[in-house]
Amino acid sequence: MKNDFEDMDDFVTDDILSKKTKTKKVDGKKKGNRTELDLTKVLNTRFGDGFSRSVGSGNRWGQVNHLPKHAREVFSGDLIVPQGFRFVIESKGGYDAIDMSSVFVRGNSELDGFLDQVTQDSKRCGRKPMLCWKKTRKPWLAFVHTKDLVGRTFKYKLQYGKWSVVALEHLLKLEDDFFIEPEIS
């Protein structure tokens, strides 16, 4: 007598409980644009209008060097900032694979590259460097030179080489003159 389940090759089962979908490839340019737009909203909320994405952000390294000083001031960094703003801003979004735990053991070449990029922009335009980085679904972090924070305290602050890392929302609570040069009448 043959059992109905003896020949299991006759049965085909589908796994209806698990969703097997292909992971979408992330469009880095679109993500970068969204991140920059998000950062401009944060900064415009804090300071009023005056922040926007730089035209051709991310693709104008060689072009900026040949511009006159006033144009370099505007087109350095990922964001156009208001006149008198003390910082050039580099915006990064994602880069979730950067492990913050290991960063403090052996550093991270990708993070170092971001900091080098904003440092070069800073030299071109004569403003202080600030890297704003937002990992996916995490709060914004701001990297500024530790020397620029002398006399200012934060409940939570990390040091990475000559950089201090703080939550951007906490940095933005500092007084206006930390960010903006006073107008000369």
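Computed from the coordinates by the stated procedures, all read-outs in this text should not be read as laboratory data. Here the structure is a predicted model, which is why all the values come from computation and not from measurement. A quick note on method: Cβ atoms are made from the backbone with ideal geometry, for glycine too, and the neighbour counts reach across all protein chains shown.
Specify whether the C-alpha gyration tensor of the range 95-185 places it in the rounded, prolate or oblate class, a ≥ b ≥ c being the square roots of the eigenvalues: rounded for a/c under 1.5, otherwise prolate if a/b is larger than b/c and oblate if not.
Verdict is prolate for the range 95-185.
Test of understanding: what is the full-extension gain from Q83 to R34, defined as 0.36 nm times their sequence separation minus their Cα-Cα distance?
My answer for the length gained is 15.3 nm.
Can you order the peptides 153-159, 94-100 by their average number of other Cβ atoms within 10 Å per residue, highest first?
Packing proxy ranking, top to bottom: 94-100, 153-159.
Amide H of S54: which non-local residues (sequence gap of 5 or more, or other chain) have their own amide H closer than 5 Å, using H built in the peptide plane?
Here L79, I80 satisfy the definition.
With θ set to phi - 60°, apply the Karplus curve 6.51 cos²θ - 1.76 cosθ + 1.60 along the range 131-138 and write out the HN-Hα couplings as whole Hz, x wherever there is a Gly or Pro.
Along the range 131-138, the couplings run 9, 10, 10, 10, 6, 4, 6, 10 Hz.
Assuming 0.36 nm per residue, please report the length gained on full extension of the stretch I98 to V150 beyond their Cα-Cα distance.
15.9 nm
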